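Okay, structure first, notes after.
The values are calculated or read from the model by the stated rules, or taken from the named source; none is laboratory data. If you're wondering where the values come from, they're calculated on a predicted model, not measured in any experiment. In this analysis, Cβ positions are derived from the backbone assuming ideal geometry, glycine residues included, and neighbour counts consider all displayed protein chains. Remember, those area values only see protein heavy atoms, side chains included, never the ligands or the DNA or RNA. Shrake-Rupley method; radii C 1.70, N 1.55, O 1.52, S 1.80 Å.
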Amino acid sequence: MTAVDLGMPALHAARAEAALPADRPSVPGLVDRFGRTATDLRVSLTDRCNLRCTYCMPAEGLPTLPRDAVMSRAEIARLVGVATSELGVRQVRFTGGEPLLRADLVDIVADVAALPVRPEISLTTNAVGLAHRARALKDAGLDRVNVSLDTLDPDTYALMARRPFLEQTLAGIDAAAREFDVVKVNAVLVRGVNLDHASALLEWCLERGFELRFIEQMPLDADHTWDRSSMVTAAQVRAQLGDRFDLSPDRAPRDGAPAERYVVRRAGSGDVLGRVGIIASVTEPFCADCRRTRLTAEGAVRDCLFAHTETDLLGPLRAGADDATLADLWRTAMWGKHAGHGMARPDFVQPERTMSAIGG
């Protein structure tokens with residue numbers, strides 16, 4: 001199987017496969033066989049969530065991890081410290097599950113902000129409960145917040161999240177806007193449910209100075225009912241927004257970001273209203289410039305959301321491994337990263353683990 005088969009552009013793939021040795025070299029950063037370097041770490045703090053979004057979890061929820069299987073506050077700080085000091089990681093995003101369910105979240109943020117090499121620290125959350133913790137998180141060192149919000153309609157929110165918590169989510173967003181300079185909103189569109197809400201949600205975000213990012217639904221749902229033929233694609237999002245807005249590609253460098261950004265103007269007007277992003281992991285993959293590495297709540301490295309293997313770091317850490325050993329295990333795990341996720345291939349197999357278990 002070649003890099004081109006896996007979705008990497010031909011020229012980039014040919015360069016990578018021809019230029020790099022078969023064995024992993026001894027280099028400081030998290031490089032892989034295709035010339036990419038991971039500098040963005042996503043850390044799942046828990047697999048638990050207080051919502052049951054239809055594209056993520058079943059209505060009855062999922063079995064949760066035993067408490068002793070999940071990284072402690074000190075273990076999180078240790079592994080993030082290895083990533084920043086030994087491996088060149090410069091951005092850390094805490095995810096879940098729902099990270100606000102960690103009672104020690106503020107302390108975790110403070111620990112990471114106090115590391116010798118301080119990364120940029122962000123949080124992805126559904127914002128339920130954020131209203132009461134936004135100030136403390138800001139004071140602890142959190143730099144920015146990404147909030148998941150699929151609709152502004154209470155009934156549709158309750159249908160998609162299987163919980164009537166829209167008011168709490170909006171209160172959390174308001175609190176975040178008071179405390180943080182950067183607030184981003186993430187939305188997943190589902191055909192026949194909230195696709196026609198896209199323009200209203202964008203209007204709402206533009207009015208408040210938030211950057212909205214639409215995310216293509218990915219095959220990471222617990223029920224394994226994802227269907228490529230019925231998902232809302234990036235092209236369909238652009239068409240949906242086109243009724244009210246004119247979108248033009250943002251000329252700023254993408255620089256490894258998952259979202260393709262567009263300058264937003266009112267349809268028929270030259271006035272710039274803001275920007276919107278579209279994360280098209282399925283139909284317009286950006287694997288060739290992926291810069292992410294991931295830690296599950298159990299302290300295992302995943303080199304890709306769609307990987308079928310993990311490398312345990314928590315076990316060696318608890319057994320007394322030093323930072324150099326942990327760093328080398330991490331480098332080895334990332335060296336094996338595939339060129340692309342391969343979703344376009346007929347033999348693609350959805351990972352057993354769901355988004356809530358992996359961390360977004």
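Residues in the stretch 275-286 that are open to solvent by less than 20 Å² (accessible area, probe 1.4 Å) and not in a strand (DSSP E or B): Ala280, Ser281, Val282.
Inside the stretch 148-172, residues that are touching a Leu at 6+ places or on another chain (Cβ under 7 Å) and within 20 Å of Ser122 (Cβ to Cβ) make up a count of 2.
Test of understanding: among Ile121, Ile108, which residue is within 20 Å of the chain's Cα centre (by Cα), surrounded by 21 or more Cβ atoms within 10 Å (Cβ to Cβ) and over 16 Å from Gly299 (Cβ atoms)? Checking each option against the conditions leaves just Ile121. Quick one: in the stretch 208-242, which of the residues that are modelled with pLDDT under 90 and among the small types (Gly, Ala, Ser) is nearest to Leu305 (Cα to Cα)? The selected residue is Ala222.
Every condition in (1) free of Cβ contacts under 8 Å to residues at least 24 places away in the same chain; (2) open to solvent by 40 Å² or more (accessible area, probe 1.4 Å); (3) over 20 Å from Ile108 (Cβ atoms) is met by Pro66 except one, and the failing one is (3). Quick test of your reading of the structure: Ser199 fulfils all but one of (1) over 12 Å from Asp150 (Cα atoms); (2) of a type outside the set (D, E, K, R); (3) at pLDDT 95 or above; (4) touching a strand residue (DSSP E or B) at 6+ places or on another chain (Cβ under 9 Å). Name the failing condition by number. For Ser199, the exception is condition (1). Filtering the stretch 264-286 to residues that are modelled with pLDDT of 95 or more, over 16 Å from the mean Cα position of the chain (by Cα) and under 30 Å from Ala339 (Cα atoms) leaves Arg275, Val276.
The residue that is surrounded by the fewest Cβ atoms within 10 Å (Cβ to Cβ), among those in the stretch 81-105 that are more than 25 Å from Arg36 (Cα to Cα) and modelled with pLDDT of 95 or more, is Ala103.
Scanning the stretch 289-304 for residues that are of a type outside the set (Val, Ile, Thr) and either in a strand (DSSP E or B) or open to solvent by 20 Å² or more (accessible area, probe 1.4 Å) (or both) yields Asp289, Cys290, Arg291, Arg292, Arg294, Leu295, Glu298, Ala300, Arg302, Asp303, Cys304.
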